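The structure under discussion appears below in the form of C-alpha cells.
Bear in mind that the values in this text are calculations on the coordinates, not laboratory data. All figures in this text were calculated on a predicted structure; none of them were measured in a lab. Please note: Cβ atoms are built from the backbone with ideal geometry, for glycine as well, and neighbour counts cover all protein chains shown.
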Amino acid sequence: MQRYLWAMLTLGGLIGLMASQPKVREWRIGGILVRDSGVVRSLGLTVDDMENLTYGTDEIPDHECRPNPYNGNHTIIGLNGNGDKPTGWLRSHITRGWINISTGDLLSVTVRVYDKSAREYETYENYRWGMQVLPVKGSFSGLPLGEECFRHGKNRIWFRLGQCAVEVELLVRREAEWSDGLYVEALAWGIKYRIQQHPKRLGMVQKPVTVLVANQPVAQGKAIALAGVTVAPISDLEPAQVAVKTSRTSKEWTVTASRNGKWLKVKAFSWDMETDKGKVKLERPVFPYKGDLIVPLRQVAEALGIVVQQKGQTIALLPK
Amino acid sequence: MKRRVTIVACVFLLTLANCSFGAWWIELSSTNPSDGPFPLRWGNQEPIDADRVPFLPRWLINGDPCCFKTGVTVRLSLRQDAPDPIHGWVVEWGVGYLTLYSRVTGQVLRTYPDAYFLTANQPYDFGPLVEWIEYAQLGMAVYVVYESGWVEEDYHGFVDEMFIVLDAPKSPMDPAWVSVLRISCQWARGESTSGGAAISLTQKLWENGNYNGGYPGYIRYFRDPNGLPVDDREIFYLKAFLNHPWFPYGQCNDFADFLICLMTSVGVPIDKARRTHQLLLTDDTNFRTNWITPAGQSPTKAEWTYHQFVFTDQVWDGCLTLGEYGNFIIGMEFNGYKTGLVEVILRYDWQSTPPSGWFIPEISAVPADQIPPWPWAN
C-alpha cells in the first residue's frame, strides 16, 4: 500500500515538474499578438521595451491602428525568436501597421533587435539578391541614416544601427499621387532616435550632448546627435523664454513656438517649418517622442532669435 | 489515514490529467471514408504531430472543427468511454433540430429530420450537405437515456466550424490548416467546381491582397552544400503570413504560395509554382512589365528580376492583374500570360525555373519570430 502511495506521489511530482518548465508562450493584448520563444536564451527585452522602439498606436497623425479583419492584429511582437534553441541567431522584433484614415494607405514599421550587431545578420548585400525588385543604396534625402541604409521602390526604407535593423514602408493605393519617400524617411529618423534613446543601449554608443540655458542643463538625455545634427524636444526651449503651444488632433500634430515677436510652427514628420520669415527647410525631420516633438535644435533656436554656441558636446542657448 | 491520502492523490491526479467518468460524446464520420472527415491541423505550431485537430471530430459542446466533401451524407454516432458512476451506460439517444448554417451569411442552409429512440450503438446518417464550398456550422440538440432510466435532454450545441470542400485537401495542405480553410471556404463560398473555386480564390486574393512592391516577405530559399541557391525548393512561413497586420501581404512568392494553399485546402489540384528566372540570375533587373495592377495598388509598370506564379498547365496569379483595368489571370495559357505581362526583356529571357518546370512550396507553421534572417532557410 505504502509503495503504491509513493508511486502516486512521485507521478504527481513529475507532472508538477513538467508543468513548471518554461514554455514558448503566445498571448494577445488587444490587437497586439505577442510570442515569447525565450525558453533557453533571452535578449532580456520586454513587450514595453519593444513598444518603445516604435510609434504608439495614436502617435502618427491621420493614421490609426485597426486590427486586421482576418487575424485581429495590428501589431506583432516576437520576443527571443530562436531562443528555444541553444545556439544560432537570437532576435526580438516588433511590426506595427497603421492605416491612413483619409486615404486608406497602409504604413508599417518593423524593428528587429539581435543579440549582437545586426551587421552579422542583415546587410545591403544580403538584400541585393533573390528579391523581385532590387534595393538602391542610400536614403531618399541623401542623408546617412544609421550605419547602412537602402531604399526600395518609392516608399520603403531600411536601415541598420547597432543591434537593430529597421524597415519603414508606406503602401499607397495611388502610387503616382501619394508616393512620399521623405515622409517614410522622417518616420525612420524618429525610430533611429528611439533606438539611441533606448535604456537598454541598443544603438551606437554616443557621447552625451549637454544643452545649457542660462548655464542650467535642459533636455538631459533627450538631446542627441542624429548624423551630426543635434535634435531635442521643442518644449526644452521653454526655459529660454519660449512660449510653446501644442495642437494635437487626429489629423495633425503641430507645435507653435514664439519668443519676442518671432514665431515658428513645426509639424510631426515634416522636413520644414513655418516661421515669421517664411518656410525653412530643416536639416532633420520633426518627429514625436513621448508626447513632445523632437526638432533640430540649432535651426529652431536660431529662428526664435536665440544664439547657439557649441563647444564639443555642450550646446549653450543664449537668449538675446 | 494512508487510504485517505491515496484517494486524495488519485482525485488530484485524475483532475490534473483532465479525466472524467462517464463521458459520452457524438462522433462525426461519413458512410464513405473518402468523403471525409478529412484530417486537419490548426496551423499553430510545428511539428505537425503536435498540431493536429483530433480525428475523428468529437462533438460535445462547440467541438473541434471538421471538414467534409460537398454533398455527402454525415454519420452521427454516440460514443462513451465509461459508464456514469450513478446511472450506468447510455442505452438510447436521439437528435433533433439538426440544422446547417452558413457562418458567412448566418442563413439556414439545410434542416434535417429528427431521429429518436436510437440504440447506443445505432448511428444516424443525415444529409446531404450542401453541394458547394461552404464555411458552415452544424447545430443540433441531443438527448440520452441511461441504464437507470435517467434522461439527459435538450443538450444543445454546435459543431462550430464545418468546412465543406470539393474534395480531400491536397499537398501542401494535406492535412489542411484550419486557419487557411477559414479563409478559403469564405472566399470560394458557393463554388461547386474546381475551376470555379480556382477563379474565385485568385480573384479574392487579388481583391484583398497587398503586394509589397517586391520585397522579401514570408519565404526563404535553400542552398546546396556549395552555398548556391536551389531552384526547386522554397519554404513558405504560412503562419507568419496569416498573422501579418496587413494580411494578405507580401511579394509574388508569398502570393503564389498562398494561392496554392487556398486552392489545395478546398481540394482543387492546383499545387505548383514556377519562377521566370533562376535565383542566381536575380541580382539584376531582367524584364520590364506592361501595365499591371498589383494587388492593393494603382496601375504601374515595374522592372523585376523575376516573377513567381502558380502554374500547372495554366497560369493563376493573384498578385496582379494585367493592364490598367485589371484582367484577372485565371487559368491563362502560358505564352499568352508572358506576352501580356512582359513589355521588354532587359537582360535574361524567361526560362523554365526550376528546370523541371515547377515546384511545390514547403509550408511552415513557425511564427514570425522564428523566421531566419533573409535569404536562407538552411
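Placing R0 at 22 angstrom, the Cβ-Cβ distance between residue B:291 and residue A:102 gives a FRET efficiency of 0.25 after rounding to 0.05.
Ranking of A:182, B:242, B:228 by neighbouring Cβ atoms within 10 Å, starting from the fewest: B:228, A:182, B:242. For the cross-link pairs A:200/A:222; A:207/A:290; A:137/A:267, the ones whose C-alpha atoms lie over 18 Å apart are A:207/A:290; A:137/A:267. With a Förster radius of 30 Å applied to the C-beta separation of residue A:256 and residue B:298, the computed FRET efficiency comes to 0.25.
Distance between Cα centroids, region A:63-92 to region B:40-111: provide it in whole Å. Using only Cα atoms to place each centre, the spacing works out to 33 Å.
With semi-axes defined as the square roots of five times the eigenvalues of the C-alpha gyration tensor, the equivalent ellipsoid of region A:36-95 measures 27, 13, 7 Å, largest first.
Pairwise inverse Cα distances across the protein assembly as shown, averaged and inverted, put the Kirkwood hydrodynamic radius at 28.7 Å.
Charge dipole (Cα centre; +1 on Lys/Arg Cβ, -1 on Asp/Glu Cβ; no other charges) of region A:224-320 amounts to roughly 120 debye. Within straight-line reach of residue B:69, meaning a Cα separation under 20 Å, sit the following lysines at least 8 residues removed in sequence or on another chain: B:170.
Here each label is just a point 7 Å from Cα along the line to Cβ, and for residue B:174 and residue B:89 those points are 3.8 nm apart. Rounded to the nearest 0.05, the FRET efficiency derived from the C-beta distance between residue A:249 and residue A:302 at R0 = 22 Å is 0.15. Calculate log10 I(q)/I(0) of region B:163-296 for q = 0.09 Å⁻¹, where I(q) comes from the Debye formula with a single equal point scatterer on each Cα and nothing for solvent. Summing over Cα pairs of region B:163-296 leads to -0.28.
Computed over the protein assembly as shown, the per-residue total of -39500 (n - 2.57) for DSSP H runs of n ≥ 4 gives a 222 nm mean residue ellipticity of -5000 deg cm²/dmol, rounded to 500.
GNM remark for chain A: springs join alpha carbons under 10 Å apart, and the peak mean-square fluctuation among A:128, A:194, A:160 falls on A:128.
Phi-derived couplings, Karplus 6.51 cos²θ - 1.76 cosθ + 1.60 at θ = phi - 60°, listed residue by residue for region B:182-187: 4, 8, 4, 6, 7, 5 Hz, with x used for Gly and Pro.
Considering only B:152, B:207, B:303, the mean-square fluctuation computed in a Gaussian network model of chain B, springs between alpha carbons under 10 angstrom, is largest for B:152. Using a Gaussian network model of chain A in which every pair of alpha carbons under 10 angstrom is joined by a spring, one finds that among A:134, A:161, A:226 the greatest mean-square fluctuation is at A:134. Ordering A:311, A:245, A:222, A:154 from the fewest to the most neighbouring beta carbons within 10 Å gives A:311, A:245, A:154, A:222.
Residue-normalised convex hull volume from the C-alpha trace of region B:101-202: 128 Å³ per residue. With neighbour counts taken as other beta-carbon atoms within 10 Å, the residues A:70, B:211, A:121, B:116 rank, fewest first, as B:116, A:70, A:121, B:211. Once you have a ≥ b ≥ c as the square roots of the Cα gyration tensor eigenvalues for region B:235-378, tell me rounded if a/c is under 1.5, and otherwise prolate or oblate according to whether a/b is larger than b/c. Rounded shape, in that the Cα axes give a/c under 1.5. Stretched out straight at 0.36 nm per residue, the stretch from residue B:73 to residue B:122 would grow longer than its current Cα-Cα span by 16.1 nm.
Phi angles across region B:82-89 convert, under the Karplus curve 6.51 cos²θ - 1.76 cosθ + 1.60 with θ = phi - 60°, into 3J(HN,Hα) values of 6, x, 5, x, 9, 9, x, 6 Hz, Gly and Pro given as x. Here's how it looks for residue B:343: its modeled amide H is under 5 Å from those of B:288, B:289, B:290, which are all 5 or more places away or on a different chain. Spin-label pair residue A:309-residue B:207: with each label point 7 Å from Cα along the Cα-Cβ axis, the two points sit 6.9 nm from one another.
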